[in-house]
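Step one of this worksheet: look at the structure below.
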Amino acid sequence: MKEEIQYKPGDRVYIVANNVSVKEFEIISVQDEYCTLRDMDRYGAIRLRKSRLYKNKEAAYRALSESTKNNDRGFIRPY
């Protein structure tokens, strides 16, 4: 389990998107266990739990490789 990290508005964080890629976001606001994030590539925002956020890109890629390691067949198309 990840340790509890204190986030504040303006921090840059990374998430694993769809178990396929790592994306960079900026924190807009923090409420309890949720953070509102602004996408660095597009307009708009999303709200995620703090447990889905990573402070650096390396930690996010590590989590991505662990999730794909558990799936021995790799990425499965939904159709």
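Readers should treat all values here as calculations from the given coordinates under stated rules, not as data from a laboratory. Just so it is clear, the model here is predicted, and its values are computed rather than measured. All Cβ positions, even for glycine, are placed from backbone atoms using ideal geometry, and neighbour counts span all protein chains on display.
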Going residue by residue through the range 26-35, the Karplus relation 6.51 cos²θ - 1.76 cosθ + 1.60 with θ = phi - 60° gives ³J(HN,Hα) values, rounded to whole Hz and with x marking Gly or Pro, of 10, 6, 9, 8, 10, 9, 6, 9, 10, 10
Here the range 44-56 yields Karplus 3J(HN,Hα) values (6.51, -1.76, 1.60; θ = phi - 60°; whole Hz; Gly and Pro given as x) of x, 8, 9, 10, 9, 5, 5, 5, 8, 9, 10, 5, 9
Share of Cα-Cα pairs in the range 12-58 beyond 13 Å, whole percent, is 52
With each pseudo-label sitting 7 Å past Cα toward Cβ, what's the Ile28-Ala45 distance in nm, one decimal? 0.3
Lys57 neighbourhood, Cβ < 13 Å, K/R = +1, D/E = -1, net charge +2
What nm distance separates the two modelled labels at Ile5 and Arg38, each placed 7 Å from Cα along Cα→Cβ? 2.0
Between Ala59 and Asn19, what length comes free when the chain is fully extended (0.36 nm per residue of separation minus the Cα-Cα distance, one decimal in nm)? 13.0 nm
